[in-house]
Amino acid sequence: MTTVAIIDYGMGNLRSVAKAIEHVAPGHLVQVTSDPAVVAASDRVVFPGQGAMPDCMRELDLRGLRTAVLDAAASKPFLGICIGQQMLFDHSEEGEVAGLGILAGNVIRFREAEMLAADGARLKVPHMGWNEVWQAGPHPMWDGISDGERFYFVHSYFVAPADEAVVAAQTAYGRRFTSAVARANIFAVQFHPEKSAHAGLRLLSNFIRWAP
């Protein structure tokens, strides 16, 4: 039986993530936890998050979970979702706060000057709703998911990796931005797979089977 830890640092709709993973992983143990020991003992780790980056970083440290996240990201299949992707990077413009520095690069806000659709209409920030995700190349996490498949987004900031080699997918919203990253045992996405119907469930199912 695979054990999956969903890290709870007080920021995010963890119930929907847990229910989605339980749906695709019957017979496996899915635990929403703020206990570093449970995270360390789990086979796989999911790192979700919603809200503002400074609040997320503060709450992570207040709960003593920073080391547990760093260790999990270095040693076992690791899935970051939304802010859980952004926190992996060096720095965020949101509150000018340092991230975990697991991946090199910054988190930046959509620029108002770029928020134009192809027909010239003004695009809103936050970027909210369904959008196409274009894969950078093959990856086990994309198994069974068509290139250009639509996923659900809610965000005003996105990651800008220093190393293009970690870019796993891009999405267009005024500009092209990185919507998924991958390195070794880490896969992280800006969109919400738990809110993305069949494609999102397929991604989560792939994560349960992924053997990096």
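The values are calculated or read from the model by the stated rules, or taken from the named source; none is laboratory data. Everything numeric here is computed off the predicted structure, so don't read it as measured data. Using ideal geometry, Cβ is built from the backbone for each residue, glycine included, and neighbour counts are taken over all protein chains shown. Areas reflect the complete protein model, heavy atoms only, side chains present, ligands, DNA and RNA absent. Shrake-Rupley method; radii C 1.70, N 1.55, O 1.52, S 1.80 Å.
One table, with the values for the structure above:
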{"item": "Residue 144, sole failed condition from (1) touching a Phe, Trp or Tyr at 6+ places or on another chain (Cβ under 7 Å); (2) on the phi > 0 side of the Ramachandran plot", "result": "(1)"}
{"item": "Odd one out for residue 6 among (1) outside any strand (DSSP E or B); (2) open to solvent by less than 30 Å² (accessible area, probe 1.4 Å); (3) free of Cβ contacts under 8 Å to residues at least 60 places away in the same chain; (4) not aromatic (Phe, Trp, Tyr)", "result": "(1)"}
{"item": "Test: residue in the stretch 53-70 that is in contact with a Phe, Trp or Tyr (Cβ under 6 Å, 6 or more places away or on another chain), open to solvent by 50 Å² or more (accessible area, probe 1.4 Å) and in a loop (DSSP other than H, G, I, E, B)", "result": "yes"}
{"item": "Some residue of the stretch 135-151 being basic (Lys, Arg), open to solvent by 30 Å² or more (accessible area, probe 1.4 Å) and either touching a residue at least 40 places away in the same chain (Cβ under 8 Å) or in contact with a His (Cβ under 8 Å, 6 or more places away or on another chain) (or both)", "result": "yes"}
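Table: residues versus (1) open to solvent by 60 Å² or more (accessible area, probe 1.4 Å); (2) farther than 22 Å from residue 17 by Cβ; (3) part of a loop (DSSP other than H, G, I, E, B); (4) in contact with a Gly (Cβ under 7 Å, 6 or more places away or on another chain).
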residue	(1), (2), (3), (4)
130	yes, no, no, no
158	no, no, no, no
178	no, no, no, no
182	no, no, no, no
198	yes, no, no, no
204	no, no, no, no
212	yes, no, yes, no
